[in-house]
Amino acid sequence: MARKKIIAGNWKMNMTPSEAVELVNTLKPLVANDEADVVFCVPAIDIIPVVEAAKGSNIQVGAENMYFEEKGAYTGEISPNMLTDAGVKYVILGHSERREYFAETSETVNKKMLKAFEHGLTPIMCCGESLEQREQGITMDWIRQQVKVGFLNVTAEQAKTAVIAYEPIWAIGTGKTATTEQAQEVCKGIRDCIAEIYDEATADAIRIQYGGSVNAATAPELFAQPDIDGGLVGGAALKPDFGKIVNYNK
Ligand SMILES: O=C(CO)COP(=O)(O)O
């Protein structure tokens, strides 16, 4: 089955609302590509102006996080309903920065995954090893654990629509991209893990991205790999270069 590529920007904690609108206006003409889903995952406060600014373009909007309860006394959190009502389609869950700085665990990521599906949001679930884990030779054990816990009680039908982002922590924001072989090997390992949990049809349908210092120069080779269905892009998503990444195949 031919999987449609999905190329997403993760803006992280960058761009005020007015800067966000300016960036969308700059990127809008550059990111047109019918062959890929193009997603801008933006800070919560930028969502409404970005949805508005992206109207009439192929840009879909995602959030960078979400809480797993419906509503109530959870000061500072954002609910799934708030996201869908604002026009959000995707939500990044379990980014390594959230796991490291905000104590997210695979268990809380799993709760968020289930909530996201319940509300028709497509999760982009992040996983990835530290440099230490890679050197210890436990990369795949660690990632399989993250995937298995993250997908607990997720049905095959839901899993087919999900996105997994493989982001080696040592490659994030370091300018150190994983080699094409390393990225393909782990993305294939993740697909094999999905086949074990579910079946071949689910493994064949789920989209797996690579993330970690992706730029216009590295994107074409990475995205051409059989198990890499696009990218989750940090720093380079804030620049006109993102247009080149999205049009990696042109
Ligand atoms: O964390 C990332 C995307 O979620 C990757 O960030 P960089 O592309 O800046 O390395």
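Under 5 Å between amide H atoms, partner at least 5 residues away or on a different chain: which partners does I92 have, H built in plane at 1.01 Å?
Hits under the 5 Å cutoff: A63, E64, N65, I124.
Using a Cα distance threshold of under 22 Å, what count of lysine pairs results for the range 41-144 when pairs must be 8 or more residues apart or interchain?
Details: K55/K89; K71/K89; K71/K111; K71/K112; K71/K115; K89/K111; K89/K112; K89/K115.
Counting lysine pairs in the range 41-144 gives 8.
Starting from the 7 Å offset along Cα-to-Cβ, what nm value, one decimal, do you get for the label separation of K250 and E107?
That separation, rounded to one decimal, is 4.8 nm.
Compute a Gaussian network model of the chain, connecting alpha carbons closer than 10 Å, and tell me which residue from Y67, Y90, Y210 fluctuates the most.
Fluctuation is largest for Y67.
For the range 45-101, which GluC sites (Glu not before Pro) are in a loop by DSSP, counting at most 14 other Cβ atoms within 10 Å? Don't skip to the answer; put the middle values down first.
Working: sites: E52, E64, E69, E70, E77, E97, E100; in loops: E64, E69, E70, E77.
Hits after loop and neighbour filter: E69, E70.
Determine, from the Cβ-Cβ distance of E221 and A32 and an R0 of 22 Å, the FRET efficiency 1/(1 + (r/R0)^6), rounded to the nearest 0.05.
Details: r = 22 Å, r/R0 = 1.02.
E(calc), rounded to 0.05, equals 0.50.
Calculate what fraction, in whole %, of the accessible area of the range 5-246 sits on carbon and sulfur atoms when a 1.4 Å probe is rolled over the protein chains.
Details: 5560 of 10370 Å².
Percent of accessible area from carbon and sulfur atoms in the range 5-246: 54.
Quick one: accessible area per residue over the chain, 1.4 Å probe, rounded to a whole number of Å²?
Values: 11040 Å² over 250 residues.
Counting only protein heavy atoms, the per-residue value for the chain is 44 Å².
Enumerate the amide H contacts of V233 below 5 Å, restricted to partners 5 or more residues apart or on another chain; note that Pro and chain-start residues carry no placed amide H.
Hits under the 5 Å cutoff: A8, G9, N10.
Could you point to the residue in Y101, W11, I206 farthest towards the positive end of the range 5-246's charge dipole, with +1 and -1 charges on the Cβ of Lys/Arg and Asp/Glu respectively?
The Cα lying farthest towards the positive end belongs to W11.
How far is it, in nm, from the label point at T84 to the one at E181 when both lie 7 Å from their Cα along the line to the Cβ?
My value for the distance between the label points is 4.6 nm.
The values are calculated or read from the model by the stated rules, or taken from the named source; none is laboratory data. Worth saying up front: this structure is predicted, and the values here are computed from it rather than measured. Every residue, glycine as well, gets a Cβ built from its backbone with ideal geometry; the counts of neighbours run over all protein chains shown. For accessibility, only protein heavy atoms count, side chains too; no ligands or nucleic acids. Shrake-Rupley method; radii C 1.70, N 1.55, O 1.52, S 1.80 Å.
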